[in-house]
1. Any residue at all in the stretch 194-211 that is of a type in the set (A, V, I, L, M, F, W, C) and more than 20 Å from the chain's Cα centre (by Cα)?
2. If the Cβ limit is 6 Å and pairs must be 6+ apart or interchain, which residue in the stretch 87-109 that is over 25 Å from residue 124 (Cβ atoms) pairs with which residue that is β-branched (Val, Ile, Thr) and modelled with pLDDT of 95 or more?
3. Report, by residue number, each residue of the stretch 100-142 that is of a type in the set (D, E, K, R), in a loop (DSSP other than H, G, I, E, B) and open to solvent by 10 Å² or more (accessible area, probe 1.4 Å).
4. Only one residue in 20, 11, 71 is open to solvent by 10 Å² or more (accessible area, probe 1.4 Å), farther than 27 Å from residue 198 by Cβ and either in contact (Cβ under 8 Å) with a residue 12 or more places away in the chain or in contact with a Phe, Trp or Tyr (Cβ under 7 Å, 6 or more places away or on another chain) (or both), so which one is that?
5. Do you know which residues across the stretch 23-48 are closer than 25 Å to residue 247 by Cβ and open to solvent by 50 Å² or more (accessible area, probe 1.4 Å)?
6. Go through the stretch 227-262 and give me each residue that's open to solvent by 40 Å² or more (accessible area, probe 1.4 Å), in contact with a strand residue (DSSP E or B) (Cβ under 8 Å, 6 or more places away or on another chain) and not in a loop (DSSP other than H, G, I, E, B).
7. Take residue 56 and decide whether it is modelled with pLDDT of 95 or more, of a type in the set (A, V, I, L, M), buried (at least 24 other Cβ atoms within 10 Å of the Cβ) and under 26 Å from residue 189 (Cβ atoms).
Amino acid sequence: MSTETVELQKKILEVFIEVKKICDKHNIRYFATGGTCIGAVRHNGFIPWDDDLDIAVPINDFERLTELCKKELPKPFELFICPDYKHNPNPFIKVHNTQTTFIEKYELDYPDDYKGVFIDIFPLAGVPSDTKERKSYNRRLKLLIALNDKWHYSLSKCPGKKGMLLWILTCPLRPFVSRRFWADKLYEFYNKYDFDSYDYTGCTWSPEIERLTFPKSWFEGYTELPFENSSMRCPIDYDSFLTQHFGDYMKLPPESERQCHDNGGIVDLEKPFSYYAKKYRETGSVR
């Protein structure tokens with residue numbers, strides 16, 4: 001593990017600790033998800049080569065957490081609501097450190113989307129038990145995710161026939177509605193299927209929802225595990241959750257698959273992302 005990765009992970013952890021304080025103070029439920037959950041279980045911290053941190057919050061608490069972060073996060077930490085940004089199609093929120101820079105490769109040409117070192121916070125909704133209703137739910141969820149994704153880019157950034165078709169079909173709406181239009185539709189959908197009213201849940205921010213649907217009993221409570229110099233809440237049945245999600249999650253992947261998140265972007269722990277946004281607007285490049 002490189003020194004740069006260690007220092008980045010420390011900065012990410014600082015962001016998480018501020019969010020954790022708010023969650024603990026206001027009884028906001030949250031669960032480690034994805035590689036963060038693996039890291040907590042397998043390493044008692046970050047996966048050594050990882051450079052992000054993901055938590056999921058039940059939709060019943062998600063909007064409350066959003067409002068609390070606006071009011072209670074200390075500087076330099078701020079809420080980053082992805083759908084509010086022209087070129088950010090993610091249907092979730094981030095909290096970032098505004099005195100740092102974390103620009104992913106695909107964001108380099110979109111200075112409005114630059115941000116600091118961050119954590120991701122995903123909305124966790126309910127999923128129907130009935131087979132027929134679930135199929136309809138999955139189709140609608142994936143369509144809303146796709147529409148929201150294409151809404152934030154030009155036609156040239158929507159590859160494939162399906163992507164181009166969705167962009168063309170929704171193009172007439174663009175002059176008349178906000179950039180949050182499809183994200184708001186997605187959140188209406190989440191709230192219709194609130195976490196506490198259903199026996200199943202899942203990665204409801206992901207188009208892979210069929211594979212990533214789980215019994216809610218796995219999330220009815222949490223296991224708090226050591227995470228670096230703090231602690232992390234994982235689903236109470238994290239073993240079943242991680243096994244369905246990743247298979248043999250305790251086995252380390254081959255070195256060739258140990259890839260970091262930034263993937264050719266810019267990470268700077270000393271300069272704020274606003275420095276790079278200004279540079280791009282003045283020169284057309286951040287390199």
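The values are calculated or read from the model by the stated rules, or taken from the named source; none is laboratory data. Every value quoted in this text rests on a predicted model; they were computed, and no experiment measured them. Cβ atoms come from the backbone with ideal geometry, glycine included; neighbour counts cover every protein chain shown. Protein only, heavy atoms only, side chains kept; ligands, DNA and RNA dropped before computing areas. Shrake-Rupley method; radii C 1.70, N 1.55, O 1.52, S 1.80 Å.
1. No.
2. These pairs meet every condition: 100/117.
3. 104, 109, 130
4. 11
5. 43, 44, listed by residue number.
6. Residues satisfying the conditions are 238, 244.
7. Yes.
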